[in-house]
1. Residue by residue through segment 17-68, note down the ones that are small (Gly, Ala, Ser), more than 30 Å from residue 198 (Cβ to Cβ) and touching a His at 6+ places or on another chain (Cβ under 7 Å).
2. Kindly indicate whether any position in segment 136-143 is part of a helix (DSSP H, G or I) and touching a residue at least 60 places away in the same chain (Cβ under 8 Å).
3. Name the residues in segment 159-175 that are surrounded by fewer than 18 Cβ atoms within 10 Å (Cβ to Cβ) and assigned to a loop (DSSP other than H, G, I, E, B), would you?
4. Might you let me know whether segment 135-143 holds any residue that is in contact with a Ser or Thr (Cβ under 7 Å, 6 or more places away or on another chain) and more than 14 Å from residue 39 (Cβ to Cβ)?
5. Taking the residues in segment 70-128 that are of a type in the set (D, E, K, R) and farther than 18 Å from residue 181 by Cβ as candidates, determine which candidate is surrounded by the fewest Cβ atoms within 10 Å (Cβ to Cβ).
6. Would you confirm, using the coordinates I've provided, whether residue 116 is over 30 Å from residue 26 (Cβ atoms) and at pLDDT below 95?
Amino acid sequence: MTFFGCANGQSKSDMAMAKLPAPKAGEAVANFAGGCFWAMSESMSELRGVNTVISGFEGGTTKNPTYEDVCTKTTGHAETVQVYYDPKVISYEKLAEAFFYAHNPTELNYQGPDEGTDYRSVVFYRTPEEKATILNLIKTINASKHYNAPIVTQVVPFTVFYAAENYHQGYYKLHLNDNGYLRSVSQPKVEKMRAMEKAQLKPEFQKM
C-alpha cells in the first residue's frame, strides 16, 4: 500500500455502501469534515459519549457518491463523519472542540499532503444553537493563538449525508499497523486530539 494519502488506501473488497443507522432514543447527531475521514472517525470515536461514527460525504451536489466519485474532485463533497452521541455524557461544544483539535482548521482546502476541496474543514450545523456554539469556539480558539493562523473552517447548514463504502468504516483501527499513511499522517492527528481532550476520552484511550 502506498504512502501518499487517503485516496490510495482503497481496497477491492467490501465495496458496498455502508448502511446509515437511525439515531437511537436519546442520541444526538453531529457532522464534521476535517481532512481524510479515517483520522477524524477515529478521533471522534475515542470520546466518551460517542456511540457510533460513520464515514461518508457531505456538502456537494452529486447524489449517492462513491469514494471514487469524490476523489475526482468534481462532486463538491467533503470527506465527512457523522457522529452519534449521548448529549448527557458529552456536549456538542466538547465534541466540536475535539474536532478543532483533531485536524488543522487553518488549512484551506487541504490537510497536510491531502489537497482539494474534498479535504476542506467544515462544520455542518443542525440548529441555530449549534451554529452559535461553533462560531464562539472559533473566536475562542483564534484568540488563544493555539494555531499560527486564523481558522478557515466553513460553518454551513446540514443538508444530506451519504455513507461511504463499508471498507472505510473503522479503517484506522483495522489498518494502523500496515498502512504508512495512517502512521505518518493520521496517527499524529489522533494523538494530538488525545492530548488536548484527555478528560473527554473513553477510559481505554486515556493512557495511550
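The values are calculated or read from the model by the stated rules, or taken from the named source; none is laboratory data. Every value quoted in this text rests on a predicted model; they were computed, and no experiment measured them. All Cβ positions, glycine included, derive from the backbone under ideal geometry; neighbour counts span all protein chains shown.
1. 59, 60
2. Of the residues in segment 136-143, the ones part of a helix (DSSP H, G or I) are 136-143.
Filter once more, keeping what is touching a residue at least 60 places away in the same chain (Cβ under 8 Å): none.
Scanning segment 136-143, I find no residue that is part of a helix (DSSP H, G or I) and touching a residue at least 60 places away in the same chain (Cβ under 8 Å), so the answer is no.
3. Looking only at segment 159-175, we keep the residues that are surrounded by fewer than 18 Cβ atoms within 10 Å (Cβ to Cβ), and these are 159-160, 166, 170, 173-174.
Passing the criteria: 159, 160, 170.
4. Residues of segment 135-143 that are in contact with a Ser or Thr (Cβ under 7 Å, 6 or more places away or on another chain), as a first pass: 138.
Okay, now just the ones that are also more than 14 Å from residue 39 (Cβ to Cβ), so 138.
Yes, that holds for at least one residue.
5. Pass one, segment 70-128, residues of a type in the set (D, E, K, R): 73, 79, 86, 88, 93-94, 97, 107, 114-115, 118, 120, 126.
Still in the running and farther than 18 Å from residue 181 by Cβ: 73, 86, 88, 93-94, 97, 120, 126.
Working: 73: 15, 86: 14, 88: 9, 93: 14, 94: 17, 97: 20, 120: 22, 126: 14.
Filtering segment 70-128 for residues that are of a type in the set (D, E, K, R) and farther than 18 Å from residue 181 by Cβ, the one surrounded by the fewest Cβ atoms within 10 Å (Cβ to Cβ) comes out as 88.
6. Values: over 30 Å from residue 26 (Cβ atoms): yes; at pLDDT below 95: no.
Answer is no for this residue.
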